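Quick note: the coordinates plus some simple rules give every number you see, no bench work behind them. Values in this document were obtained by computation on a predicted structure and should not be read as measured data. Quick reminder, even Gly has a Cβ in these numbers, built from the backbone with ideal geometry, and neighbours come from all protein chains shown.
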């Protein structure tokens, strides 16, 4: 069982909640949650974020991170894999550290990849495109196309969907912050 599975199961149990209760609160099926807690399935960002919000956790709270390691440098090609946002969209930790108010992530977008659904979560998001081109669509608003060297900053509460543009790989530095509301579980 992976670190993510163990931590999610522990926080649910610490809060005295059943899988059915978490399912009702997050809209994620009970059967999927059971498989996740057993480490028998992967989770997309679209499913992970509602869980983190419900339990009032940050991504750093559920990552496989050795608290004894204090190195600040992550060498090119050595960034630890974090999760897949969607098919063809992989996220890697750019500087894993639980004691910071933000999480820097390197995201690699394969040609033709798109998020399966709009994402909406607490906090803010900053995206700096290193190479390639992506389109960020905001629900019921105009979209923004970013090319290498462009950046965008927005509230993560705005429903957003990211897709690659063109035939080349895109890479971006994505920095997310948490602004969790009061009254959520931890």
When every residue in the stretch 117-153 that is touching a helix residue (DSSP H, G or I) at 6+ places or on another chain (Cβ under 9 Å) and surrounded by fewer than 19 Cβ atoms within 10 Å (Cβ to Cβ) is compared, the one nearest to residue 176 (Cα to Cα) is 120
So, first residue free of Cβ contacts under 8 Å to residues at least 40 places away in the same chain in the stretch 32-47, second residue part of a loop (DSSP other than H, G, I, E, B) and surrounded by 15 or more Cβ atoms within 10 Å (Cβ to Cβ), Cβ within less than 8 Å, six or more apart or across chains; the pairs are 36/43; 47/28
